[in-house]
Protein chains: 2
Amino acid sequence: MSTDLLTDDSCGLRERKKRETRRALNLAALDLVEERGFAAVTTEEIAARAGVSTRTFFNYFPSKEAAVIGTTAEELESYAAALEQDVDGETPLESLRRILAGMLAPASIDRELRARRRRILLGEPSLAPALVGNNIRIENALTAALERRLAVQPGASLEARLTVAVAIAAVRACIEHQQNGGSGRLERNIDQAFERIAAGLR
Amino acid sequence: MSTDLLTDDSCGLRERKKRETRRALNLAALDLVEERGFAAVTTEEIAARAGVSTRTFFNYFPSKEAAVIGTTAEELESYAAALEQDVDGETPLESLRRILAGMLAPASIDRELRARRRRILLGEPSLAPALVGNNIRIENALTAALERRLAVQPGASLEARLTVAVAIAAVRACIEHQQNGGSGRLERNIDQAFERIAAGLR
DNA sequence: GCCGAATATGCAGTCACTGCAAAATTGCAG
DNA sequence: CTGCAATTTTGCAGTGACTGCATATTCGGC
């Protein structure tokens, strides 16, 4: 196989190949779902397009949904690390707004991929349950990170988990609003939502 | 079959039988999951214990998870109706606290069943994704109800959806907190959470 | 008691997902 | 470069969720 451009970071050939395979599976899944819709795609086809066996597919992802969503442990850790950092005058909620908005926004590098991902994932209503299920992982990772930042024992107070859960719910609500033909642009709505939350809901 | 005690409310035998079957399936599912755990129970067994064919099982519930969770459209409507009502000086958030807490609390009649349900559902981590998926239905129903109460066009403003989503997230966060061995009792934590939200998070 | 409609069932089939054991690949030491 | 051990891939066989369809049963009104 051709040695590739983006060898990301680390060590041995083994690790690199695993990353490549994982990514290939995720991209294959996105392609196929975009072409035909989630229900009409089989794990066999995804594996085939990625050039591995069906069995190997399940060595990388526990379910078809997970392959399409494709959140990696690294991404999770990177978001958690970002939240753990205490940026000058930012409240936890402000940090969460920045980080969660960043997860949605097409960032500098992966621009098109991120945008495509977003379009495909949100365009498939049948993925909604899996997506919110995936949010549990995100919530747990971010909660732990915020607890470290606040220097409290894990689970000692509700504060951290509540803040994270509410922030994620706010973003989800904006997305849902968007999909139901709601008013306003997503970015702007998210800003408004966080303002409302900081001001106190009634 | 023996004519039963609680014939609930309405009309024909047909409707009553459907309710009975639905309930029987839900109870059978709860029983079996309590005995053996969700993964070790098959839809065939649930159907058998409820006295119907496997095929009929899927006429009532779209998935094994749904059968265990067992939320009915009637329940949804009743919660929505409760939220739609404008109770004296209650803010929307206060109404939501009351209604969502009521969904968890073992109510007057079904006391034991509600408690059992709660224990079983929350005791099965593998059901967590399905549970949050189910929350989407609840969120949609409550959002529509709140929009009626506020007399706004559906989807016109973010307000309703945001409030509902945040309220549900708060309850979920308290449950999650509880399950991770967090401090405090559930009821009390929910109260605190809603107070924090009304006061504004940071 | 009889007919149209709703409901229950059986059957065959697809596909997600798993455990297991054999084969292929990789990293490493000699 | 060569064999060796660990890791990864793969094939295979099996289980079980879920669906469409055709058929039988049951219900409600006449």
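General remarks:
- Checking B:T72 against (1) away from chain A (no Cβ under 14 Å); (2) within 16 Å of DNA strand D (Cβ to nearest atom), the condition it does not meet: (2)
- Residue, nearest to A:K17 (Cα to Cα), within the range A:34-62, restricted to residues that are more than 12 Å from DNA strand D (Cβ to nearest atom) and of a type in the set (K, R): A:R49
- Tallying residues that are free of Cβ contacts under 8 Å to residues at least 60 places away in the same chain, in contact with a Lys or Arg (Cβ under 9 Å, 6 or more places away or on another chain) and more than 8 Å from every other protein chain (Cβ to nearest Cβ) within the range B:176-202 yields 1.
- Candidate set from the range B:75-86 (those that are of a type outside the set (A, V, I, L, M) and in contact (Cβ under 8 Å) with a residue 24 or more places away in the chain); member that is nearest to DNA strand D (Cβ to nearest atom): B:E77
- Meets criteria (within 14 Å of chain A (Cβ to nearest Cβ) and either surrounded by fewer than 16 Cβ atoms within 10 Å (Cβ to Cβ) or modelled with pLDDT of 95 or more (or both)) for B:P92: yes
- Filter result for A:A80 (away from chain B (no Cβ under 12 Å) and among the small types (G, A, S)): yes
- One residue from B:P129, B:P154 being within 12 Å of chain A (Cβ to nearest Cβ) and touching a Pro at 6+ places or on another chain (Cβ under 8 Å): B:P129
- The range B:46-78, residues that are within 14 Å of DNA strand C (Cβ to nearest atom), open to solvent by 30 Å² or more (accessible area, probe 1.4 Å) and part of a helix (DSSP H, G or I): B:A48, B:R49, B:T54, B:R55, B:T56, B:F58, B:N59, B:Y60, B:K64, B:E65, B:A73
- Cβ-Cβ contacts under 9 Å between residues 6 or more apart (or on different chains), taken from a first residue in the range A:27-41 that is part of a helix (DSSP H, G or I) to a second residue that is of a type in the set (S, T, Y) and open to solvent by 50 Å² or more (accessible area, probe 1.4 Å), are listed as A:L32/A:T42; A:F38/A:S126; A:A39/A:S126.
- Taken over the range B:115-164, the criterion of being touching a residue at least 60 places away in the same chain (Cβ under 8 Å), polar (S, T, N, Q) and open to solvent by 30 Å² or more (accessible area, probe 1.4 Å) is satisfied by B:S126 alone.
The values are calculated or read from the model by the stated rules, or taken from the named source; none is laboratory data. Computed from a prediction, not measured in an experiment: that's the story for all the values here. Please note: Cβ atoms are built from the backbone with ideal geometry, for glycine as well, and neighbour counts cover all protein chains shown. We work out accessible area using only protein heavy atoms, side chains counted, and drop any ligands, DNA or RNA first. Shrake-Rupley method; radii C 1.70, N 1.55, O 1.52, S 1.80 Å.
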